[in-house]
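**Student:** Here's a structure for you.
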Amino acid sequence: MAKALVHMLLNAAVFLLLAKYLPGFYVNGWVSAIVASLLLGIVNATFGLILTILTFPLIILTLGLFSFVVNAIVILLVAFLVPGLSINGFLPALIAAIVLSIVNMVWKMATAPRSID
C-alpha cells in the first residue's frame with residue numbers, strides 16, 4: 001500500500017514538473033496533480049485497457065510505439081476530467097505520456113524484488 005502511495009505521489013510530482021517545463025501543460029497545484037495522478041491510474045486501468053485492446057493491431061504494427069499515442073489519449077481524457085489540469089494540444093500530451101512511461105519504467109526497475117542467486 002505504501003509503495004502505491006509513493007508511486008502516486010511520484011506521478012503527481014512528474015505532473016508538476018511537466019507543468020513547469022513543458023509548454024501547453026498546466027497544473028494548478030499539488031491537489032490537482034494528486035487527483036490527476038489518481039484518476040490517471042483509474043482511467044488507464046479501465047478506458048486505457050479497452051483502447052489498448054482495440055488498437056492492438058496498430059501497436060503490433062508499430063512495434064509498441066502506438067502505445068504512447070494510447071497513453072496520450074488517456075492523459076487528455078484525464079485533463080478533461082480534472083478541473084486543475086489543462087493540456088493544450090496533442091503534442092504536450094504525447095510528450096507527457098513518454099516522460100511518464102520513462103519515469104514509471106525506472107520506478108518499476110527500482111522497486112522490483114531482487115533475486116539472490
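**Student:** Defining a contact as two alpha carbons under 8 Å apart and six or more residues distant in sequence, what relative contact order in percent does the range 2-108 show?
**Tutor:** 32 percent
**Student:** Tell me, what HN-Hα J-couplings in whole Hz come from the Karplus equation 6.51 cos²θ - 1.76 cosθ + 1.60 at θ = phi - 60° for each residue of the range 16-24, using x for Gly and Pro?
**Tutor:** For the range 16-24, the Karplus-derived couplings read 5, 5, 5, 5, 7, 10, 10, x, x Hz, x marking Gly and Pro.
**Student:** Read phi for every residue in the range 28-43 and hand back ³J(HN,Hα) as whole Hz from Karplus 6.51 cos²θ - 1.76 cosθ + 1.60, θ = phi - 60°, with x for Gly and Pro.
**Tutor:** Once θ is set to phi - 60°, the couplings for the range 28-43 become 5, x, 4, 4, 5, 5, 5, 5, 5, 5, 5, 5, 4, x, 5, 5 Hz.
**Student:** Cα centroids of the range 34-89 and the range 2-30: how far apart, whole angstrom?
**Tutor:** 16 Å
FYI, it's all coordinate maths here, none of it is from the lab. Given the structure is predicted, the values throughout are model-derived calculations rather than measurements.
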